[in-house]
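Here is the structure we will look at, set down as structure tokens.
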Amino acid sequence: MAAIDNQALARSRSRSMGEMAAIPPTNMLLGVPKKGRLFDKCSKLLQEGVGMEYRKPDRVDVAHCSNMPVTLVFLPAHDIATYVGEGNVDMGITGLDVIAETEPDNEDLEVVMELGFGKCMLAVQGPATDGYTSASSLAGQRIVTSFPLVAAKFFKQFESAGTGPTKIKFVSGSVEAACGLGLADGIVDLVETGTTMRAAGLEIVEKIMDTQAVLIKNKRNTQHLEIAERIKKRIEGWHTATKYQMIQYNIEKVNLDKALAITPGKRSPTVSALEESGWLAVSSLVKKDEAAKIMDDLQSIGADSILIFSISNSRIDRSRGSHVAVTWKSRGVHEVLGLRDQACAGLGTVNQVCWWSQHHDSLRCGHVGAVTWVGHWVGH
């Protein structure tokens, strides 16, 4: 595919845009699927996760973000990897299967991160009545697919002088109908739930690869590094919010170690004192699918007032070490054992016995009074 410069892309994509101006030259171009299985999930990710505000008019394949220097370019998912690989689009969202199919053209393409949706597999499929047990049985036969390069590369390992080359035929859609219509002996296609496959009388013969949606960029493009990194960080924060919930509970000090073993958090929990002597409040991130069991486990060790809060978004710096936030009141001479002054922010020093035990991976506390001071321990 011949390279297309950004100005040519802007001209071609700005036709029939009415009041919408051509793509601003300072905007980063982000390619997203214009339809298909990834479209709705991409829209939710960009609007709720990244916080992009945009409106896509009907029959227009370009949308300018009103709150970020980004222009969305809506493209067929199979074309996004090529546009990004050749530098016509700065970043994009597509599937690992598409990247594999366009591999000869994407030398400059870099996968930034997996997005966790659009998960399925690319597999060799054959008629259930034919009883194929291995893809090698289909070598040299007729294969219909939307992934001719991947299919040819996969079947090459099974080909011999006896089988001859596998006859790969490309179709852009309704691949599952090819066997029933007599066009193919087998197909290579995506399988998500398997409903369409079984309805067509097909079954999986052999998996070629697992795939999911990924964020990609052109590694030679250095013009939009800051906005690209911001998008990545926002997606990471949104992913955390979709996978985790915040749990908050009260626990007696004597049971704190047990409680922290149950709720270690993504990095570590926040512990604060209550007015009631001998009791502490703990907040921690827990995985959504484990929340119910964690609540049961906390209740079994005497935890009280156990609450779960949903998280709409987050920002968590994965590059830093573990930390525990400790809240307490102290009078007189101050000292934090094991941490010293430089490890605390906004505390001065405190005379209560509170320190972090690296060996036991838990917070150790002596007498704790009412809430006044806030300190942070940051792992080194």
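The values are calculated or read from the model by the stated rules, or taken from the named source; none is laboratory data. Not measured: the values here are computed from a predicted model. Ideal geometry is used to build each Cβ from the backbone, glycine not excepted, and the neighbour counts take in all protein chains shown. Only protein heavy atoms, including side chains, enter the accessible area calculation; ligands, DNA and RNA are left aside. Shrake-Rupley method; radii C 1.70, N 1.55, O 1.52, S 1.80 Å.
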Looking only at region 286-296, how many residues end up being open to solvent by less than 50 Å² (accessible area, probe 1.4 Å) and out of contact with any strand residue (DSSP E or B) (no Cβ under 6 Å at 6 or more places or on another chain)? 0
Filter region 1-30 for residues that are among the small types (G, A, S) and over 16 Å from P69 (Cβ atoms); which is modelled with the lowest pLDDT? S16
Within region 244-254, can one find any residue that is assigned to a helix (DSSP H, G or I) and touching a residue at least 40 places away in the same chain (Cβ under 8 Å)? yes
M52 passes all but one of (1) open to solvent by less than 10 Å² (accessible area, probe 1.4 Å); (2) not in a loop (DSSP other than H, G, I, E, B); which number fails? (2)
Restricting the search to region 297-312, which residues are open to solvent by 50 Å² or more (accessible area, probe 1.4 Å) and over 24 Å from V254 (Cα atoms)? F309, S310, S312
Total residues in region 101-143, condition in a helix (DSSP H, G or I) and buried (at least 19 other Cβ atoms within 10 Å of the Cβ): 4
Taking region 144-161 and keeping only residues that are under 14 Å from A184 (Cβ atoms) and not in a helix (DSSP H, G or I), one is left with V144, T145, S146, F147
Checking K44 against (1) touching a helix residue (DSSP H, G or I) at 6+ places or on another chain (Cβ under 6 Å); (2) under 21 Å from R315 (Cα atoms), which test does it fail? (1)
Please work out if D130 is acidic (D, E) and closer than 30 Å to I227 by Cβ. no
